[in-house]
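Below is one structure, written out as structure tokens; the observations come after it.
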Amino acid sequence: QVQLVESGGGLVQPGGSLRLSCAASGSIFDLYTMAWYRQSPGKQRELVAVIDSGGNTNYADSVKGRFTISWANAKNTMYLQMNSLRPDDTAVYYCDARSTGGHYWGQGTQVTVSS
């Protein structure tokens, strides 16, 4: 089992920045990908960014150049640095982890971009 706890969401003005964190615990030794997803009201959950065990990353076109995903081994924590935020980035952001043991989700953290 893997437990994921997100933090760092909140209200920010357009053009501002936030950093989301996802702390992983439990059987994390065989995680092979971690990712951030987001879901807005009335929309399907969408992939924002993904990082694999080799440090390779990939991003949704809508966030390329603005968001950066990273993983800190020493802290067992994944981050999403979000810059130049726009109102359409408003969503609940979820942490996702996949291992040979299963597929895990965090509880989500709300990000609201509004003036």
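The values are calculated or read from the model by the stated rules, or taken from the named source; none is laboratory data. Remember, it's a predicted structure, so these values are computed and weren't measured experimentally. FYI the Cβ positions are ideal-geometry reconstructions off the backbone, even for glycines, and counts take in every protein chain you see. Surface accessibility is based on the protein's heavy atoms, side chains included, excluding ligands, DNA and RNA. Shrake-Rupley method; radii C 1.70, N 1.55, O 1.52, S 1.80 Å.
If I filter the range 14-54 down to residues being small (G, A, S), over 15 Å from the mean Cα position of the chain (by Cα) and assigned to a loop (DSSP other than H, G, I, E, B), which single residue comes out as modelled with the lowest pLDDT? Per the criteria, the residue is S27. When residues in the range 51-87 are screened for being on the phi < 0 side of the Ramachandran plot and touching a residue at least 40 places away in the same chain (Cβ under 8 Å), 11 of them pass.
Residues in the range 69-86: is at least one open to solvent by 30 Å² or more (accessible area, probe 1.4 Å), among the β-branched types (V, I, T) and over 16 Å from Q3 (Cα atoms)? No, the range 69-86 has no match at all. Is it true that G102 is modelled with pLDDT under 95, open to solvent by less than 60 Å² (accessible area, probe 1.4 Å) and not basic (K, R)? Here the answer is yes, as G102 does meet what is asked.
Does G9 satisfy being within 17 Å of R86 (Cβ to Cβ), touching a Leu at 6+ places or on another chain (Cβ under 9 Å) and open to solvent by 30 Å² or more (accessible area, probe 1.4 Å)?
Values: within 17 Å of R86 (Cβ to Cβ): yes; touching a Leu at 6+ places or on another chain (Cβ under 9 Å): yes; open to solvent by 30 Å² or more (accessible area, probe 1.4 Å): yes.
Here the answer is yes, as G9 does meet what is asked.
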